[in-house]
Amino acid sequence: ASACKHGGNIAPESRAAKAVKWTSLQHKKSSKSSSNVNANTPPISAYGTASGPICLLRTNRECTHVQWHRKGDYFVTVSPKAGAAAVLIHQLSKAASQQPFGKVKGEIQLACFHPQKPFLFVASKEHVRVYHLVKQMMVKRLMSGCRHISSLDVHGSGDHVVVGSLDRRLVWFDLDLANTPYKTLKYHERALRSVGFHPRYPLMASASDDGSIHVFHSMIYSDLMRNPLIVPVKVLRGHNVVNSLGTLAMVFHPTQPWLFSAGADGKIHLFQDL
């Protein structure tokens, strides 16, 4: 795609110019020489119905985390060893990248967009910092009390955040109350690898190295005077523990009360009708 020409629509003087490079895979398939780029080639978004990968992003360091914005055009990548370029924000339709920070505090582990506001949640090993992308300033720092944060998710309302850690903690933050945890749950026997909210139903889940997935009923009320209701519902099992690693990832179906999980045993499971 023409949007990927010369590494994407990134200003040469920008901080992201040295941190990431875009390459069009669709163009490589359709032409013998990458030098013969047609200026009228449609942008990346025009390949939305095509099968297979459409572009390739190369970063300076290993990328460990990718998270999409809910609207589907922006996504954020995390490369913990890349220093100031650890967090990069990309726009797929324009093949553009931005490096929002000139320096970072601590080793960045995860990043996640606010579903409605121009906020970015950035997690180091012990804290979660909330940045306003337009004003380019930090608006809040969440004190997790964890030794090593491993997972992060933001509720669709944008007012609640869950954090999982390698020291078995599941931490729930109510952003309207304080920068300290509203609830700290410790149901798993080993490290947590993944936590998340269901985008439609009042469900939350956590996956752990003990091979289990804990599902919670998590009701959030529109009445600000009522605190969220968190009730354990069921424990899902099915993955075997391999070399002290169990369930590595889980994600809810976007519209159904279903849950997908992936484990160190090389299996992907689908749990229905939670």
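Values computed for the structure shown
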{"quantity": "Count of the range 111-166 residues which are closer than 13 Å to Pro181 by Cβ and of a type in the set (A, V, I, L, M)", "calculated": "7"}
{"quantity": "Hits in the range 127-144 - residues which are more than 15 Å from Phe113 (Cβ to Cβ), open to solvent by 90 Å² or more (accessible area, probe 1.4 Å) and in a loop (DSSP other than H, G, I, E, B)", "calculated": "Lys135, Gln136"}
{"quantity": "Matching residues in the range 108-126 - criterion: being open to solvent by 10 Å² or more (accessible area, probe 1.4 Å), in contact with a Leu (Cβ under 6 Å, 6 or more places away or on another chain) and under 11 Å from Ile149 (Cβ atoms)", "calculated": "Leu110"}
{"quantity": "Subset of the range 254-263 [open to solvent by 40 Å² or more (accessible area, probe 1.4 Å), touching a residue at least 12 places away in the same chain (Cβ under 8 Å) and closer than 16 Å to Val215 by Cβ]", "calculated": "Gln256, Trp258"}
{"quantity": "Residue within the range 203-215 that is more than 19 Å from Val163 (Cβ to Cβ) and acidic (Asp, Glu) present", "calculated": "no"}
{"quantity": "Condition check for Ser157: in contact (Cβ under 8 Å) with a residue 12 or more places away in the chain, open to solvent by less than 60 Å² (accessible area, probe 1.4 Å), assigned to a loop (DSSP other than H, G, I, E, B) and among the small types (Gly, Ala, Ser)", "calculated": "yes"}
{"quantity": "Residue match in the range 225-241 (condition: modelled with pLDDT under 95, within 16 Å of Leu170 (Cβ to Cβ), in contact with a Gly (Cβ under 7 Å, 6 or more places away or on another chain) and outside any strand (DSSP E or B))", "calculated": "no"}
{"quantity": "Complete set of residues in the range 88-125 that are over 18 Å from the mean Cα position of the chain (by Cα) and in a strand (DSSP E or B)", "calculated": "Ala96"}
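The values are calculated or read from the model by the stated rules, or taken from the named source; none is laboratory data. Since the structure is predicted, the reported quantities are computational estimates derived from the model, not experimental observations. FYI the Cβ positions are ideal-geometry reconstructions off the backbone, even for glycines, and counts take in every protein chain you see. Surface accessibility is based on the protein's heavy atoms, side chains included, excluding ligands, DNA and RNA. Shrake-Rupley method; radii C 1.70, N 1.55, O 1.52, S 1.80 Å.
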